[in-house]
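The values are calculated or read from the model by the stated rules, or taken from the named source; none is laboratory data. None of the values given here were measured: they were computed from a predicted structure. Please note: Cβ atoms are built from the backbone with ideal geometry, for glycine as well, and neighbour counts cover all protein chains shown.
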Amino acid sequence: MCSKGKRQSPINIPTNGSNIEIIEKALLTFCQNYFVPEANAMLINNGHTVQITLNKTTRCITLNASIFKQPIKYVLHHLHFHWGRKVYSGCEHRINDKTCDLEAHFVHYNAKYSSFEQAAAQPDGLMVIGVLFRVDKKADEKNGLPAISKRLKNVIEPNKSFKFEKPLDFAKLLRVIPMAKNVAGKMSQVAEANVPGPDFVIFNGSLTTPPCSENVIFVIFIHRLPISVSQKEPFLELKKMKDGKIVPMGDNNRATQPLGDRKIYVAKSYDFDFDKRK
């Protein structure tokens with residue numbers, strides 16, 4: 001599938017052209033506890049990436065767009081990262097052929113299935129929210145990444161794990177995105193948020209690691225968020241096992257794949273909402 005698929009990820013995301021399709025609406029609705037700090041978060045070096053696993057608290061999000069017959073509810077399963085071996089490299093997705101330096105994937109599974117493993121084998125099983133970061137000397141420490149990057153020293157070698165000593169506000173990585181700063185207050189319309197263009201795009205894709213299953217809906221926020229050199233550097237220290245030797249893990253970002261005839265969906269209007277019911 002990785003070499004023969006027709007909707008492989010990652011891709012270069014154009015913001016204009018024949019592959020862009022304007023849709024009427026897109027709404028991301030977060031359940032009430034999505035942004036509650038995780039009390040039992042684990043940081044794991046699995047030999048391919050660094051992953052943050054969550055406890056059994058259900059964190060859900062509903063994606064409602066005019067391209068779907070009905071809203072789709074997803075459950076957050078884990079968060080992981082992609083980066084390069086150098087400070088100024090590492091994203092998987094590109095925006096108009098421009099790269100960035102780190103990419104976070106919030107991996108969700110379709111709530112109609114009982115588990116991530118079951119959903120991962122289904123054609124409508126997965127949804128990934130992608131957040132892109134660029135190294136900027138003027139970046140501050142308010143983006144939520146320092147709580148993670150400062151603890152990477154505990155999982156430098158493959159198969160190492162570390163339990164965060166205090167609740168991890170991992171969802172802060174989403175809240176610093178321009179349109180998602182205040183999900184509790186419901187923000188809508190580009191002009192009201194003073195954002196230069198759409199915040200996110202939607203398209204069909206695949207897992208970016210084997211088996212490269214083509215059952216993923218991607219929601220990519222196209223505004224690259226600033227991070228400091230000191231926030232990126234700890235990722236460069238992480239190791240993996242290759243041919244019986246421990247080597248740097250970096251460059252776990254797959255090369256961009258052909259877009260083909262896929263559509264990149266951009267909404268005329270889009271909202272972030274907060275579901276107070278659960």
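What to note about this one:
- Positions within the range 137-167 being among the hydrophobic types (A, V, I, L, M, F, W, C) and in contact (Cβ under 8 Å) with a residue 40 or more places away in the chain, in sequence order: A139, L145, I148, L152, V155, I156, F162, F164
- From the list T62, T58, the one residue that fits, being in a loop (DSSP other than H, G, I, E, B), out of contact with any helix residue (DSSP H, G or I) (no Cβ under 9 Å at 6 or more places or on another chain) and farther than 20 Å from R7 by Cα, is T58.
- Whichever residue in the range 67-92 is in a loop (DSSP other than H, G, I, E, B) and crowded, with 23+ Cβ neighbours inside 10 Å and, among such residues, is modelled with the lowest pLDDT: G90
- Scan of the range 214-235 for residues that are at pLDDT 95 or above and either more than 20 Å from L173 (Cα to Cα) or not in a helix (DSSP H, G or I) (or both), ordered by number: E214, N215, V216, I217, F218
- Of all residues assigned to the range 117-138, at least one qualifies as being surrounded by fewer than 19 Cβ atoms within 10 Å (Cβ to Cβ) and in a helix (DSSP H, G or I).
- Taking the numbered list (1) small (G, A, S); (2) at pLDDT 65 or above; (3) closer than 24 Å to I95 by Cβ in turn, S161 passes all entries but (3).
- Among the numbered conditions (1) assigned to a loop (DSSP other than H, G, I, E, B); (2) within 18 Å of the chain's Cα centre (by Cα); (3) modelled with pLDDT of 95 or more, the only one that K112 does not meet is (2).
- Counting the residues of the range 11-37 that are assigned to a strand (DSSP E or B), within 20 Å of the chain's Cα centre (by Cα) and at pLDDT below 90 gives 6.
- So K172, is it at pLDDT 90 or above and within 22 Å of K142 (Cβ to Cβ): no
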